[in-house]
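Have a look at the structure below before the remarks.
What follows draws every value from the coordinates through simple rules; no lab data is involved. Being a predicted model, the structure only gives us computed values, none of them experimental. We place every Cβ from the backbone using ideal geometry, glycine too, and count neighbours over all the protein chains shown.
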């Protein structure tokens, strides 16, 4: 029967159609692999940036709390009078530097620096501004200097009864 009408058996037709598709799955797998590696690189970089920010923020919070404890007693601006906690900008700055050196924060946080805005604006709130650098993995060659980050933390000195 296969000799009549010049038709090939069904298995032969499928094999010849499949031969035209050979090698196509390799390109598809390679494309998916490249997309997966790109997504993995972006997620790792974003995670490194997030964790670096959280480490720096935690350090700034602790330094602000230590600086808020440097208050001295003074008069409040309240007409009723009474003592109040008063912060000195120089004392806040020196306490932040002391805290960072005692805790060896510079070893854990690359590029750590205390910004000039660190101090107190109202005499009651210690404001700490820290800067640092995050070096994301795998793409460090794209940003060899790292990604700079800045955090701000505040702590208020308050007397209560």
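Students often check this: by mean Cβ neighbours within 10 Å, which of 87-94, 49-56 ranks highest, and how do the rest follow?
The most tightly packed comes first, giving 87-94, 49-56.
Under the 0.36 nm per residue contour assumption, what length would be gained going from the current alpha-carbon distance of residue 32 and residue 58 to full extension?
Between residue 32 and residue 58, full extension yields an extra 5.5 nm.
Considering Cα pairs under 8 angstrom that are at least six residues apart, work out the relative contact order of the stretch 104-154 and quote it in whole percent. Please report the intermediate quantities before stating the final value.
Numbers: 78 pairs, mean separation 16.2, N = 51.
After rounding, I find 32 percent.
Sort 134-140, 35-41 for me by packing, meaning the mean count of neighbouring Cβ atoms within 10 Å per residue, highest on top.
Working: 134-140: 15.3, 35-41: 10.9.
So the order, starting with the most tightly packed, is 134-140, 35-41.
Taking the number of other C-beta atoms within 10 Å as the exposure measure, put 154, 117, 95, 107 in order starting with the fewest.
107, 117, 154, 95
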